[in-house]
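J.: Handing you a structure now.
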Amino acid sequence: MKHNIVIIGAGPSGIEAAHCLAVSGEHVTVFEKMEDPLENLRNKAFLFPDFTSASELTETFRTKLQHPYITYRGGTSITDMERMDGRWVLTTDRGEKIDTDDVILATGYRPFDASRKEELGYGIYNGVVTSLDMEKMLLRGRVVNSIGDLPSRVAFLQCVGSRDSKVGNNYCSKVCCITAAKQAVEVKKLLPEAEVFIFYMDLRMWGQGFEEIYRSSQQDYGIRYIRGRISEAAGTFDGKVQIKAEDTLTGLPMKMSTDLLVLMVGMEPSEGTRMLAGRCGICGEYGFARSENRHLYDNVTSREGLYLCGSCKRPMCLEDVISDARSAAMELLKSR
Amino acid sequence: MPEFGFSISKGRTIDFDLLDSARTAALEGDDSGLIKCMDCGTCTATCSAGAFSDFSIRKIHTMFRRGQYDGVAEALSKCMLCGKCTLVCPRSVNLRHAIIRMRQTLRTSVPDDDDLRHYLNVL
């Protein structure tokens with residue numbers, strides 16, 4: 001069977017690229033390892049910086065995926081790909097061979113596994129959750145502590161699995177600073193009585209509207225920011241979590257007990273990104289896929305007919321990912 | 001002269017132009033990697049000595065990196081070299097090693113305090 005263009009991954013970037021190509025008259029096949037597309041986005045409640053409901057985007061992307069020129073193949077992994085006679089030959093997990101002219105890699109990221117930072121107690125103490133768990137709670141509109149009660153104190157910790165050479169990730173994951181500020185505001189909206197703290201090393205409010213959320217979180221919601229990284233967490237007899245940090249701005253060590261410790265987990269390349277980038281010889285730093293040139297040719301690779309879009313290249317926020325997908329589609333069309 | 005407690009204080013401003021950071025320079029290129037520090041404070045948070053005294057290892061090594069050596073040698077003598085700071089550092093600074101090196105560097109600069117010299121020699 002002959003396919004013109006194959007896109008691997010049906011997250012926001014894969015679907016956006018597919019849709020752009022489809023409306024330009026190209027026939028596209030989108031492979032996704034999960035049955036259902038948009039796995040990461042489906043677990044989000046609200047999006048920074050404007051608190052748009054994530055379900056709005058999910059619905060939009062689902063509609064885009066139904067374009068008549070797009071063939072969606074959910075529940076199918078690409079296990080191998082190689083270049084043969086000027087075409088790409090992809091192998092699926094069912095042993096099927098797919099022959100295509102062009103491939104767009106949109107295999108994305110995976111969240112950092114917080115249990116790797118054992119000292120922070122994720123998977124050990126029930127009061128320690130990740131930003132993903134928090135997002136799921138916010139999606140349900142109910143934030144609870146380890147015994148199902150409403151928490152009176154919530155502490156967020158930035159840079160879990162990012163900027164940490166002990167886990168081999170020296171890079172910044174870019175989205176966690178603003179996500180914590182956003183989640184803190186949402187927690188406070190649900191639980192106005194709760195005390196909310198954010199422990200940080202540096203706050204990187206780089207995007208339009210981010211600084212405003214930061215300021216509003218202080219001014220309108222009373223979120224308190226403490227500059228210090230938490231060294232360890234321990235469970236207490238009453239189901240809370242005791243954390244230790246240095247308040248570096250007063251120069252004093254501090255400890256605090258909290259109902260919830262939220263670990264802001266960073267972004268790592270997904271298994272698919274690592275494996276396929278490796279197979280194609282475009283493996284970059286930390287296992288992300290490497291584009292030809294960050295400035296001028298960020299969607300093309302050293303391999304002919306192989307394009308990249310989205311967070312398979314580096315940590316990206318949704319805005320970045322969507323624009324990047326469009327530019328990948330444009331690059332591909334230019335080569336035709 | 002009797003001390004009445006009303007003396008004129010020394011200026012508190014750190015005059016960078018007058019700082020002599022030669023001893024800090026001795027640590028540059030050192031394999032402990034102390035110059036990579038981003039002052040996150042995880043070392044102080046986990047410090048065994050800091051929990052029970054006013055010893056703040058991050059402040060102390062930051063002062064050393066700035067070239068402000070007053071009181072640094074005395075403070076460093078409180079460290080028990082347990083190495084927990086080295087375990088938790090996100091920039092993988094070998095702080096335990098850096099502390100030993102800072103002590104060695106400062107040892108020669110405290111000539112008139114035998115007790116302190118003794119401490120600093122006990123690595």
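The values are calculated or read from the model by the stated rules, or taken from the named source; none is laboratory data. Everything numeric in this text was worked out from a predicted model, so none of it was measured. Every residue, glycine among them, receives a Cβ derived from its backbone with ideal geometry; neighbour counts consider all protein chains shown.
J.: Could you name every one of the helices (runs of 4 or more DSSP H) located completely within the stretch A:1-109 that has at least 2 residues being over 30 Å from A:Leu139 (Cα atoms) and modelled with pLDDT of 95 or more?
T.: Per the criteria, A:12-23.
J.: Residue under question is A:Leu47, and the condition is that it be within 17 Å of the chain's Cα centre (by Cα), in contact (Cβ under 8 Å) with a residue 12 or more places away in the chain and surrounded by 14 or more Cβ atoms within 10 Å (Cβ to Cβ); does it hold?
T.: In short, yes.
J.: Based on what the data block shows, is A:Arg142 of a type outside the set (Ser, Thr, Tyr), in a loop (DSSP other than H, G, I, E, B) and over 18 Å from the mean Cα position of the chain (by Cα)?
T.: yes
J.: May I ask you to list the residues in the stretch B:21-43 that are in contact (Cβ under 8 Å) with a residue 24 or more places away in the chain and under 21 Å from A:Pro253 (Cβ atoms)?
T.: Selection gives B:Leu34, B:Cys37, B:Met38, B:Cys40, B:Thr42, B:Cys43.
J.: What pairs come up if the first residue lies in the stretch A:22-34 and is more than 11 Å from A:Ile8 (Cα to Cα), the second is crowded, with 20+ Cβ neighbours inside 10 Å, and their beta carbons are under 6 Å apart, counting only those six or more places apart or on different chains?
T.: A:Ala22/A:Val28; A:Ala22/A:Ile70; A:Glu26/A:Ile5
J.: Out of A:Met201, A:Met264, A:Met205, A:Met254, I need the residue that is under 21 Å from A:Pro151 (Cα atoms), touching a residue at least 12 places away in the same chain (Cβ under 8 Å) and touching a Cys at 6+ places or on another chain (Cβ under 7 Å). Which one?
T.: A:Met264
J.: Shifting gears a bit: Just to check your reading of the model, which residue among B:Arg23, B:Arg65, B:Arg91 is farther than 29 Å from A:Gly161 by Cα and touching a helix residue (DSSP H, G or I) at 6+ places or on another chain (Cβ under 8 Å)?
T.: B:Arg23
J.: Now for a separate question. For the stretch B:30-66, enumerate the residues that are of a type in the set (Gly, Ala, Ser), in a loop (DSSP other than H, G, I, E, B) and within 9 Å of chain A (Cβ to nearest Cβ).
T.: Within the stretch B:30-66, B:Gly41, B:Gly50, B:Ala51, B:Ser56 meet the criteria.
This table checks each residue for (1) within 30 Å of A:Ala106 (Cβ to Cβ); (2) touching a residue at least 60 places away in the same chain (Cβ under 8 Å); (3) not assigned by TED's automatic domain parsing to the domain that holds A:Val187.
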{"position": "A:Gly239", "(1), (2), (3)": "no, yes, no"}
{"position": "A:Gly284", "(1), (2), (3)": "yes, no, yes"}
{"position": "A:Asn299", "(1), (2), (3)": "yes, no, yes"}
{"position": "A:Ser311", "(1), (2), (3)": "yes, yes, yes"}
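J.: Which residue is farthest from the chain's Cα centre (by Cα), if the candidates are limited to the stretch A:200-256 and must be aromatic (Phe, Trp, Tyr) and either over 17 Å from A:Lys174 (Cα atoms) or within 14 Å of another protein chain (Cβ to nearest Cβ) (or both)?
T.: Looking at residues that are aromatic (Phe, Trp, Tyr) and either over 17 Å from A:Lys174 (Cα atoms) or within 14 Å of another protein chain (Cβ to nearest Cβ) (or both), I get A:Phe237.
J.: I want to confirm something. Restricting to the stretch A:149-176 and keeping residues that are away from every other protein chain (no Cβ under 14 Å) and either closer than 20 Å to A:Gln219 by Cβ or of a type outside the set (A, V, I, L, M, F, W, C) (or both), which single residue is surrounded by the most Cβ atoms within 10 Å (Cβ to Cβ)?
T.: Going through the qualifying residues, I end up with A:Phe156.
J.: Return yes or no: is A:Val187 within 14 Å of chain B (Cβ to nearest Cβ), surrounded by 15 or more Cβ atoms within 10 Å (Cβ to Cβ) and either touching a Leu at 6+ places or on another chain (Cβ under 8 Å) or over 26 Å from A:Asp259 (Cα atoms) (or both)?
T.: It is false that A:Val187 is within 14 Å of chain B (Cβ to nearest Cβ), surrounded by 15 or more Cβ atoms within 10 Å (Cβ to Cβ) and either touching a Leu at 6+ places or on another chain (Cβ under 8 Å) or over 26 Å from A:Asp259 (Cα atoms) (or both).
J.: Can you find a residue that is under 17 Å from B:Asp20 (Cα atoms), part of a helix (DSSP H, G or I), within 14 Å of the chain's Cα centre (by Cα) and touching a residue at least 60 places away in the same chain (Cβ under 8 Å) anywhere in the stretch B:96-104?
T.: Within the stretch B:96-104, one or more residues are under 17 Å from B:Asp20 (Cα atoms), part of a helix (DSSP H, G or I), within 14 Å of the chain's Cα centre (by Cα) and touching a residue at least 60 places away in the same chain (Cβ under 8 Å).
Residue-wise test of (1) of a type in the set (Val, Ile, Thr); (2) within 14 Å of chain B (Cβ to nearest Cβ); (3) surrounded by fewer than 24 Cβ atoms within 10 Å (Cβ to Cβ).
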site	(1), (2), (3)
A:Val103	yes, no, no
A:Ala106	no, no, no
A:Asp113	no, no, yes
A:Leu139	no, no, yes
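J.: Note down all Cβ pairs under 7 Å where the first residue falls in the stretch B:75-92 and is at the interface with chain A (Cβ under 9 Å from one of its Cβ atoms) and in a helix (DSSP H, G or I), the second is of a type in the set (Ser, Thr, Tyr) and surrounded by fewer than 18 Cβ atoms within 10 Å (Cβ to Cβ), and they're at least six residues apart or on different chains.
T.: From the stretch B:75-92, the pairs are B:Lys84/B:Ser48.
J.: Only one of these conditions is not met by A:Ser77: (1) in contact (Cβ under 8 Å) with a residue 60 or more places away in the chain; (2) under 21 Å from A:Thr179 (Cβ atoms). Which number is it?
T.: The single condition A:Ser77 does not satisfy is (2).
J.: Could you please find all residues in the stretch A:156-166 being in contact with an Asp or Glu (Cβ under 9 Å, 6 or more places away or on another chain) and within 16 Å of A:Ala184 (Cβ to Cβ)?
T.: A:Gln158, A:Cys159
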